[in-house]
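Nothing in this text is a laboratory measurement; each read-out follows from the coordinates by a stated rule. Nothing here was measured: the structure is a model prediction, and the numbers come from that model. Neighbour counts are summed over all protein chains in view; Cβ atoms, including those assigned to glycine, are modelled from backbone coordinates with ideal geometry.
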Amino acid sequence: MRILLADDNAERARAVAHVLAADPGLVVLHHRQTDLLADAVIALKPDIVLVDMARPDRDALEGIRQVTNRQDRPVVLFVDEDDPSFMEEAIMAGVSSYNVLDVPLRDVKPILRAAMALFQRHQQERDRLHKAESRLLERETVDRAKAILIRDRRLNEPEAYGWLRRQAMTRGLRIAEVAKDVVRGKEGSPA
Amino acid sequence: MTPRMTTEVRIGVLRLADSAPVLVAQERGMFAELGLDVRLSVEPSWANLADKLAYGLLDAAVMLPPLVLASVLGLRGPKANLIVPMGLTHGGNSIVFGHGDGAHGIAHGDRPQVLEWLKSQPNPPRLGVVHHFSTHNLMLRYWLALAGACPDRDFETIVVPPEQVVDALAEGRIAGFCAGAPWGDVARLRGVGQIQVGTSSIWPAHPEKCLAVHGNWAVANALPMLALIRGLLRAQAVCDRPSEADDIASLLARPDGLGLPWQATRMALPGGSGIEQIRFHTGETWFPAHAHAVWFLRQMRRWGWLDADTDLIAAARMVYRPDLLAPAVHAEGLYSAACVLSLEGHARLPMPNDPAFSPALAIASSR
C-alpha cells in the first residue's frame, strides 16, 4: 500500500515514516512542499493520504475525484462510523486520513492509529515545552516585580514576596498574575 | 455586579473577511450581553471546520453552504447532522484569469467569450477554487457553462487555499481562479491577473457564508442558540455600516486574531473600492432561503455529484432552518416572526432563463 505523508513538520514526518516503514507492505511517499497537494496525489497515486490537520491545503483532498477528471479512483475521508471516539481522538491529535475508496477500513485504521500516536506525542512535547517556557517567564516576572517593590516601597525581599502573596490572596489571583500587574505599572507605584 | 448564567459556545472561523460578524459580536460584547461565553477557534481549512462540527469539537462555525449540504448528504465522508439556522454574508467573490494567452477578451459583451479563448489553449486550462463544495466552484462552473463551455471536459479544476491562489496564478500553475475577497483585488493590484467578473454580477446578492451548527447542539441548547443568532444579527448590522469599516478592517487585521491584510480587507467591506463588497445585513443576508439551498443542490446534481434519487427539496428543508431564526429576528425587532418565514418568497436566484434551473419549479414544489 502506498501512503502519501503530507506533513511539513520534518521531524514528526520522519518519525511517522520510520514507524510505517517497519511494515514491508507499506511504501511511504513524501511530497515536495513546493508542489500543490492535489498534484502530488495525482502524480503519486497513493492509496492513503495522511495529512496534518494544521495544513490549509487539506481542503485540496476533498472531492478529489470530481476535481480531476484524470483521477479515476475516488479519494474519501477516512471514517469509522462505528467508532466515533476514535475519530474524535484523531481530530484532537490533529491528523486525518483520506483513502482511496476500495482500501478496507481494517487496513487503514492501524496506520492512522500509528500516526495518531506520534502526533499526540509531538503535541505533548510541544505543550510541555510551552509550559516550561511560560513557567520560566513567570519566574522572571515575579523577580522583576519584587525588584520594583523593593525599590519603590522600600521593602526587603521576603516583604516584597509577602506583599505579592497577600495581594494574590485578596484579589483571588495567582502570584504571577499580580506580579505581571506590578511590572505593567498598575500596582508598582507607591500609594 | 450581578452574577448570571453564561453558556460557553465554541465557534470556528477561517481567516476571511466573512468571519467579521463573529469577531465583531465577540469584540463589542454582543455575545456577552446575551449571556454567551464564546471561544473562537481559528481553523486552517474548511475540512477542519466540517469535521470538528460533525464530531462535536465545535458548536458552530462560519461555513460554505454547499459544504454543509455535502456533509449532511455524506458526499465527503460520514453523513453529518448539521443545520443552517442563518446566513452570514452575500457576495464577495471574483473570477480572475491570468494575463497570458489572450484571456483579456473573455469578459467582453453579454456573455463571456470562453469558447473563443479555449480554442487557443493546447490543454484544458486549470482553474483554482477554495473548496470542491464551495459557492466559488459552483458559481465558476455556472459562469463557464453560461458561456457554452463544459467545466469538466474543457477545464481542470483544483483546490488551492485562498492565501496561495495569487501566487499559484503568478507562477502559472493555474490559469485562473474563483476566490473570495480580497484575493481578486490582490491579484489585480499585484498585476498578475485580470478580474473577469464579480460573482454578484452572476447572481445579485448571492448567499455566500452561513452559520452551521450541529443538529444535536441546537436541540439541547435552544436558548443559547437564540442568543447566538441574536448576537450575530446585531453584529451583522454593524458590519454593514461603511462608517465602521475602518475599525472592522483593523479588528480583522490584528496579528493575534485573523491577521488579514488591512488594505485589501477594507476594499471588500461596505463602502470599499474593491470589485465586490461583502454584504452582512442589507437584503436580509441572514435569511436561509430554501430556494438558495435547492439551487446549490441542483447545481451539485448538474455536475454529477448527486444521484437522481436524492430528494433535494427535503434535504433543503432538513438543513436550512429559518424556523430557528424567526424568533431571534422577532426579538431583535427586525420583522415579526410570521413575516420572517414569508421572506422565502423574496429569495432571489440567478438568471431565471437558465435551463439548468427553473426557479418557478423550485418555488412551486417547496410549497
For chain A, longest principal axis from Cα atoms; helix A:157-171 axis from its Cα atoms; angle between them, nearest 10 degrees, is 70 degrees
Does anyone have the angle between helix A:105-152 and the longest principal axis of chain A? Alpha-carbon axes, 0 to 90°, nearest 10? 20 degrees
Angle between the Cα long axis of helix B:222-239 and the longest principal axis of chain B, 0 to 90 degrees, nearest 10? 50 degrees
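Between rounded, prolate and oblate, where does segment A:11-165 land on the alpha carbon gyration tensor, with a ≥ b ≥ c its root eigenvalues, rounded for a/c under 1.5, else prolate if a/b exceeds b/c?
Numbers: a/c = 3.44, a/b = 2.98, b/c = 1.16.
Taking the square roots of the gyration eigenvalues as a ≥ b ≥ c, segment A:11-165 is prolate.
Taking loop as defined by DSSP and a crowding limit of 14 other beta carbons within 10 Å, which GluC sites (Glu not before Pro) in segment B:104-178 fit? Kindly include the intermediate steps, with their values, before the conclusion.
Details: sites: B:Glu116, B:Glu156, B:Glu163, B:Glu171; in loops: B:Glu171.
In loop regions of segment B:104-178 (DSSP not H, G, I, E or B), the sparsely surrounded GluC sites (Glu not before Pro) are B:Glu171.
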Could you work out [θ]222 nm for chain A from helices alone, using -39500 (n - 2.57) per DSSP H run of at least four and dividing by all its residues? Round to the nearest 500 deg cm²/dmol. -18500 deg cm²/dmol
Under 5 Å, built H, 5+ apart or other chain: amide partners of B:Tyr320: B:Val84
For segment A:2-127, what's the relative contact order in percent, using C-alpha pairs closer than 8 Å and at least 6 residues apart? 26 percent
Furthest towards positive pole of dipole, A:Ala90, A:Val178, A:His122, structure part chain A, Cβ charges: A:Val178
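If you take every DSSP beta bridge fully contained in chain B, what fraction is antiparallel? Give it as a percent rounded to 5.
On the way: 20 of 37 bridges.
Of all bridge pairs located within chain B, approximately 55 percent are antiparallel.
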Please name whichever of A:Leu37, A:Ala132, A:Ala168 sits farthest to the positive end of the charge dipole of chain A, dipole taken about the Cα centre and charges placed at Cβ: Lys and Arg +1, Asp and Glu -1. A:Ala168
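Could you size up the charge dipole of the protein assembly as shown around its Cα centre, putting +1 on the beta carbon of Lys and Arg and -1 on that of Asp and Glu, and report it in debye to the nearest 20? Each step should come with its number before you reach the end.
On the way: 61 positive and 65 negative charges, 201 e Å.
That gives the protein assembly as shown a dipole magnitude of about 960 debye.
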Please work out the FRET efficiency for the pair B:Asp37 and B:Arg302, using the Cβ-Cβ distance as r and a Förster radius of 41 Å; give the result to the nearest 0.05. 0.40
Where Rh is the Kirkwood radius over Cα pairs, Rg/Rh for segment A:1-68: 0.95
Give the Cα extents of segment B:93-202 along the principal axes, in whole Å, largest first. 30, 27, 25
Based only on Cα atoms, what Rg/Rh ratio does segment A:98-191 have, Rh being taken as Kirkwood's radius? 1.43
Per residue of B:76-82, what is the mean number of Cβ atoms on other protein chains within 10 angstrom of that residue's Cβ? 4
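Mean shadow of segment A:95-143, computed from the convex hull of its alpha carbons, in nm²? Intermediate values should be presented prior to the final figure.
On the way: hull surface 15.2 nm².
Taking the Cα atoms of segment A:95-143, their convex hull projects to 3.8 nm² on average.
Give B:Lys79/B:Lys209; A:Lys109/B:Lys79; A:Lys109/B:Lys52; A:Lys131/B:Lys79; A:Lys131/B:Lys52; A:Lys45/A:Lys109 a once-over and call out the pairs whose C-alpha atoms are over 31 Å from each other.
Working: B:Lys79/B:Lys209 21 Å; A:Lys109/B:Lys79 19 Å; A:Lys109/B:Lys52 19 Å; A:Lys131/B:Lys79 38 Å; A:Lys131/B:Lys52 26 Å; A:Lys45/A:Lys109 20 Å.
Where the Cα-Cα span goes over 31 Å, the pairs concerned are A:Lys131/B:Lys79.
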What does the structure give for A:51-57 when I average, per residue, the other chain Cβ atoms found within 10 Å of the residue Cβ? 6
Proportion of all alpha-carbon pairs of segment B:251-334 beyond 17 Å (%): 66 percent
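Across peptide B:42-49, how many C-beta atoms of other chains are within 10 Å of each residue C-beta, on average? Numbers along the way, then the final one.
Details: counts 0, 3, 8, 12, 4, 12, 9, 0.
Per-residue shielding by partner chains comes out at 6.
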Using only Cα atoms, what Kirkwood radius does segment A:131-184 have, in angstroms? 11.0 Å
Treating cross-link reach as a plain straight distance, find the aspartates and glutamates whose alpha-carbon is under 14 Å from the alpha-carbon of B:Lys119, omitting any fewer than eight places away in the same chain. B:Asp101, B:Asp154
Give me the percent of Cα-Cα pairs in the protein assembly as shown that sit more than 42 Å apart, rounded to a whole number. 26 percent
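With the Cα gyration tensor of chain B in hand, convert its eigenvalues to equivalent ellipsoid semi-axes via √(5λ) and list them largest first in whole Å.
Details: eigenvalues 215, 115, 66 Å².
That gives 33, 24, 18 Å for the three semi-axes.
Considering only DSSP beta bridges whose two residues both sit in the protein assembly as shown, what percent are antiparallel, to the nearest 5?
Values: 28 of 53 bridges.
Taking every DSSP beta bridge with both residues in the protein assembly as shown, the antiparallel ones total about 55 percent.
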